[in-house]
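Let me begin by presenting the structure, written as structure tokens, before commenting on it.
The values are calculated or read from the model by the stated rules, or taken from the named source; none is laboratory data. The shown structure was predicted, so the numbers you read here are calculated from the model rather than taken from an experiment. Virtual Cβ from ideal backbone geometry, glycine too; neighbours counted across all protein chains shown. Heavy atoms of the whole protein, side chains included, go into the accessibility calculation; ligands, DNA and RNA do not. Shrake-Rupley method; radii C 1.70, N 1.55, O 1.52, S 1.80 Å.
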Amino acid sequence: MSSSRLERMREAVGSLYDRNRQRGTAEWCDREYDFVCPSMGTYPFQWFWDSCFHAVALSHLDPERARAEVRSLLANAQPDGFVAHVTFWQRERYEDMLATYSIAYRTPYLSDCIQPPVLAEAVQAAARGEGGAAFLADVLPAARRYFDWLDRVRDPDRDGLIAILQPDESGLDHAPKYDAYLGISVLAPEQFTAAWERVAGPYAEVGRDPARMFGLDLFVVEDVLVNTIYAENERVLADLLDGAGDPRGADEMRRRARRTATALVDKCYDREAGLFFDLAGAEEEMLRTNSISSLMPLVLPELPGPLAASLIAHLEDPREYAAPFPVPSVAMSAPSFSAGPVGKLVWRGPAWMNTNWYLCRGLRRHGRADLAAAIEDRSARLVEEHGFREYYDPLTGAGAGAHDFSWTGIVVDMLARREGEA
Ligand code: GLC
């Protein structure tokens, strides 16, 4: 790979992040903000896991902006530790867009949901280089409180796996793995809205108290993608705490990371399929859809060799995941797979850059740098040929969904890693 390819990508991501930058002062909390929104056309606010990916990409362009991104994300962390999945910094400016969102609010400016906890990775990336220590000292306490909140509030059965209370919390909004559990029989947006209302109403009646929402058992999923990212970030947070001179905090985080990883292997791996599946409801019923989530535990360094080999075999199978433009978000052999967009429904087959980014890391950890390099190369080609789109058709490479979609810029981290820069 030539470094001019990385240079060109760096420039392209830099100009994308200038176009999607949101800066100002919010009167509602009397704070300044500076972040990259996912897309000016559809998502002008600050989304949690998007922002974490943006911070990773920004760490290659402008460390100060990476730190501003994380600071803006944590600026409205709540006293209990919670961090909203959307911060509506400039709500008034985009009021019309809000009418189309199905979202629960903690305040008019903060959603009352979570997203996959990529936070420790974002903090780690933003802390690289000069000035990193001061930044860490500033943000680590809030990051630690967030992970304590997840452990205390989102793992009611204390098995080490956190649970989500509605599909959007996984970041995989309309993924087909939830269809049957949600009672979706036709792919109509109204069915998804109705499914949302079936939980949103009763949740509001119990005052959105997490313990009581879990008690209702309407949508409780121990999601494999969410928990793989949780384990990874508990481990990264442990390293950060170590570096900050808190060995006890680090030990505790490492213990939790091991517990999460062990629970994933013990409870979510289906030997017959050779895949991981989410657990739904108090009965922890497996949701057996072969999707990108099923492969995510490849990221776990401690994943036993035979399990890693099984996931890699699925990834290399041309009937399932070895598409011309990898990696499809649903196995191509699954009945629910769709290569192109399904109206406004997302995560039903097209390839996304953030899951490619994680899978490549997992492949390297399990001895398949060759396959990682091939996926990274294809990922970069998608962007070079079709621009920064929200997702891509795995058969043709055609881009779809939002234009100028920011987390697709994470591709700059993939190329930089291959050059041994990061
Ligand atoms: C879509 C995605 C979600 C993302 C959001 C903003 O809802 O499914 O993961 O955070 O858009 O980009």
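Overview of results
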read-out: Meets criteria (part of a loop (DSSP other than H, G, I, E, B), among the β-branched types (Val, Ile, Thr) and open to solvent by less than 10 Å² (accessible area, probe 1.4 Å)) for Ile103; value: no
read-out: For Ile229: the one exception among (1) part of a helix (DSSP H, G or I); (2) more than 21 Å from the chain's Cα centre (by Cα); value: (2)
read-out: Residues of the range 128-139 that turn out to be open to solvent by 50 Å² or more (accessible area, probe 1.4 Å) and not in a helix (DSSP H, G or I), as a count; value: 3
read-out: Among residues of the range 331-370, those that are open to solvent by less than 30 Å² (accessible area, probe 1.4 Å), more than 16 Å from the ligand (Cβ to nearest atom) and either assigned to a helix (DSSP H, G or I) or among the hydrophobic types (A, V, I, L, M, F, W, C) (or both), counted; value: 7
read-out: Residues within the range 164-196 that are on the phi > 0 side of the Ramachandran plot and more than 16 Å from the ligand (Cβ to nearest atom), tallied; value: 1
read-out: So Ala380, is it away from the ligand (no atom under 16 Å from the Cβ), at pLDDT below 95 and either under 21 Å from the mean Cα position of the chain (by Cα) or open to solvent by less than 10 Å² (accessible area, probe 1.4 Å) (or both); value: no
read-out: In the range 383-410, the residues that are part of a helix (DSSP H, G or I), away from the ligand (no atom under 16 Å from the Cβ) and either within 24 Å of Val299 (Cα to Cα) or in contact with a Phe, Trp or Tyr (Cβ under 6 Å, 6 or more places away or on another chain) (or both); value: Val383
read-out: Selection count where residues are among the acidic types (Asp, Glu) and assigned to a strand (DSSP E or B), scope the range 20-69; value: 2
read-out: Selected residue [open to solvent by less than 10 Å² (accessible area, probe 1.4 Å) and either farther than 14 Å from Val118 by Cβ or in contact with a strand residue (DSSP E or B) (Cβ under 8 Å, 6 or more places away or on another chain) (or both)] from Arg31, Arg23, Arg67; value: Arg67
read-out: Val70 being modelled with pLDDT of 95 or more, more than 16 Å from the ligand (Cβ to nearest atom) and β-branched (Val, Ile, Thr); value: yes
read-out: Selected residue [open to solvent by less than 20 Å² (accessible area, probe 1.4 Å), more than 20 Å from Phe277 (Cβ to Cβ) and either small (Gly, Ala, Ser) or free of Cβ contacts under 8 Å to residues at least 24 places away in the same chain (or both)] from Ala163, Ala142; value: Ala142
read-out: Meets criteria (under 24 Å from the mean Cα position of the chain (by Cα) and open to solvent by 30 Å² or more (accessible area, probe 1.4 Å)) for Tyr181; value: yes
read-out: Residue in the range 279-299 that is touching a helix residue (DSSP H, G or I) at 6+ places or on another chain (Cβ under 7 Å), without any contact (Cβ under 8 Å) to a residue 40 or more places away in the chain and open to solvent by less than 20 Å² (accessible area, probe 1.4 Å) present; value: no
read-out: Output for the range 184-225, where each listed residue is among the aromatic types (Phe, Trp, Tyr) and part of a helix (DSSP H, G or I); value: Phe192, Trp196, Tyr203, Phe214
read-out: Of the criteria (1) part of a helix (DSSP H, G or I); (2) open to solvent by 10 Å² or more (accessible area, probe 1.4 Å), which one Gly245 fails; value: (1)
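To keep it simple, each residue is scored yes or no on (1) within 30 Å of Leu182 (Cα to Cα); (2) in contact (Cβ under 8 Å) with a residue 12 or more places away in the chain.
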position: Phe214; (1), (2): yes, yes
position: Leu218; (1), (2): yes, yes
position: Val236; (1), (2): no, yes
position: Gly245; (1), (2): no, no
position: Tyr269; (1), (2): yes, yes
position: Glu272; (1), (2): yes, no
